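Some notes on the structure that comes next.
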Amino acid sequence: MKTKEIIKTASELAKPFRISKGENFRLKDVDPDDTLDFTKEADKPRAKEALVMGVTALAELQDKLYAQDKWAVLLIFQAMDAAGKDGAIKHVLSGVNPQGCQVYSFKSPSSDDLDHDYLWRCMKCLPNRGHIGIFNRSYYEEVLVVRVHPEFLAKQKMPPKLVGKKIWEDRFEDVRNFEQYLSRNGVVVRKFFLHVSKKEQKRRFLERIDDPQKNWKFSSNDANERDFWDSYMQAYEQMIQETATKEAPWYVVPADNKWFTRVVVALAVIETLASLDLAYPKVGEDKLKELGTAKKKLLSK
Ligand code: ATP
Ligand code: MG
């Protein structure tokens, strides 16, 4: 398949998962086990091939993004543990030039982080123009884990009179405004929620316990968070309802089948890059003359 065809397929296949207007979004409408009309066993190899082609197309687009040096692309990944964020990032970006890519993981905030407003630590990591920036978790944790566990909010050193019932509404509004600000400045924001089922998460946790090569990935705290599953799902649903916009849409990606998750993420990134007016910069008359002179000199010796 040529890049042009891949781009067309990308926007067709990514479309059902893109939420640009949150109002009517319901998480229960997305089946974590969905694989569109790809049947699991028969089409798995085909999907893997598609991923390889997608990765090549992505590399071509990224090369232009970097050369043009105008747009920046910010990809945000959010999910429950073991939903496959790390794997999706690793596979989808395997073909891109590392020089044009920046990945940041946001874990529990440090004391320095807590000494600032919550966007501070993320703002410091925004991608340069021409680059793809990846946030593995992000300021969205502020309306997820912090909402599910009010004790984290208590640690944030906020003036008490600013921490009222309206705080989540305020945060949604600030995040929407922040992302609008970014998009008005040429930072293209795309957000991914990898939607894994509680049952598949259990299976993956057990695998992490049973497989010595995966033991390092398991933390008993991750398993304890399962007790809060329903609260997390509510928080995710509201987050998407409140922050899915045309400029900064969410992709809600079924995540029970890793091969499918990766294809959808790759296609969504392709769709995003293809929507920009990417082109190699054209050089002016003076530069062309300079190139001609240099060529003559090189050939004459
Ligand atoms: P991951 O779980 O993303 O694969 P990891 O296991 O390497 O990464 P962890 O040490 O588990 O890293 O760090 C992620 C943890 O940090 C998550 O439980 C997340 O909820 C928490 N976290 C991230 N941002 C915040 C925040 N602003 N406030 C409180 N906790 C946060
Ligand atoms: Mg973790």
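Assorted remarks:
- Boolean, Arg262 is more than 16 Å from ligand 2 (Cβ to nearest atom), charged (D, E, K, R) and crowded, with 22+ Cβ neighbours inside 10 Å: yes
- Count of residues meeting criterion [of a type in the set (A, V, I, L, M), touching a Gly at 6+ places or on another chain (Cβ under 9 Å) and under 18 Å from Asp31 (Cα atoms)] in the stretch 256-289: 1
- A search for C-beta distances below 9 Å between a residue of the stretch 159-175 that is over 21 Å from Ala244 (Cβ atoms) and any residue that is aliphatic (A, V, I, L, M) and part of a helix (DSSP H, G or I), counting only pairs 6+ apart in sequence or on different chains, returns Val163/Leu153; Val163/Ala154.
- Unique residue being crowded, with 17+ Cβ neighbours inside 10 Å and small (Gly, Ala, Ser) when the list is Ser138, Ser111: Ser138
- Close pairs from the stretch 270-287: first within 17 Å of Trp71 (Cα to Cα), partner assigned to a loop (DSSP other than H, G, I, E, B), Cβ under 7 Å, at least 6 apart: Leu276/Trp71
- Any hit, the stretch 8-25, residues being surrounded by fewer than 19 Cβ atoms within 10 Å (Cβ to Cβ), charged (D, E, K, R) and over 22 Å from Val189 (Cα atoms): no
- Filtering Arg147, Arg171 for residues that are crowded, with 18+ Cβ neighbours inside 10 Å, within 11 Å of ligand 1 (Cβ to nearest atom) and not acidic (Asp, Glu) leaves a single hit, Arg147.
- Filter result for Ser110 (within 16 Å of ligand 2 (Cβ to nearest atom) and not acidic (Asp, Glu)): no
- Residue in the stretch 219-228 that is away from ligand 1 (no atom under 16 Å from the Cβ) and free of Cβ contacts under 8 Å to residues at least 40 places away in the same chain present: no
- Residue ID - farthest from ligand 2 (Cβ to nearest atom), chosen from residues in the stretch 78-97 that are touching a residue at least 60 places away in the same chain (Cβ under 8 Å) and assigned to a loop (DSSP other than H, G, I, E, B): Gly84
Residues checked against (1) farther than 28 Å from Val263 by Cα; (2) without any contact (Cβ under 8 Å) to a residue 24 or more places away in the chain:
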position: His116; (1), (2): yes, yes
position: Cys122; (1), (2): no, yes
position: Tyr140; (1), (2): no, no
position: Val188; (1), (2): no, no
position: Leu194; (1), (2): no, no
position: Lys202; (1), (2): no, no
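- Condition check for Ile132: within 12 Å of ligand 1 (Cβ to nearest atom), within 22 Å of Pro249 (Cβ to Cβ) and modelled with pLDDT of 95 or more: no
- For the stretch 235-279, a residue qualifies if it is more than 13 Å from the chain's Cα centre (by Cα), within 16 Å of ligand 1 (Cβ to nearest atom) and not hydroxyl-bearing (Ser, Thr, Tyr), and the qualifying residues are Ala235, Met239, Ala255, Lys258.
- Breaking point among (1) out of contact with any helix residue (DSSP H, G or I) (no Cβ under 9 Å at 6 or more places or on another chain); (2) modelled with pLDDT of 95 or more, for Arg46: (2)
- Identity of the residue in the stretch 71-128, hydroxyl-bearing (Ser, Thr, Tyr) and farther than 16 Å from Glu179 by Cα, that ends up nearest to ligand 1 (Cβ to nearest atom): Ser108
- Out of Leu182, Leu194, Leu206, sole residue that is closer than 20 Å to Ala88 by Cα and at pLDDT 95 or above: Leu194
- The set of residues in the stretch 51-77 being closer than 22 Å to Tyr251 by Cα and outside any helix (DSSP H, G or I) consists of Trp71, Ala72, Val73, Leu74, Leu75, Ile76, Phe77.
- Helices (runs of 4 or more DSSP H) lying entirely in the stretch 134-237 (those with 2 or more residues that are farther than 30 Å from Cys101 by Cα, away from ligand 2 (no atom under 16 Å from the Cβ) and not basic (Lys, Arg)): 150-154, 167-184, 198-210
- Filtering the stretch 246-257 to residues that are of a type outside the set (A, V, I, L, M, F, W, C) and crowded, with 18+ Cβ neighbours inside 10 Å leaves Pro249, Tyr251, Pro254, Asp256, Asn257.
The values are calculated or read from the model by the stated rules, or taken from the named source; none is laboratory data. Computed from a predicted structure; not experimentally measured. All Cβ positions, glycine included, derive from the backbone under ideal geometry; neighbour counts span all protein chains shown.
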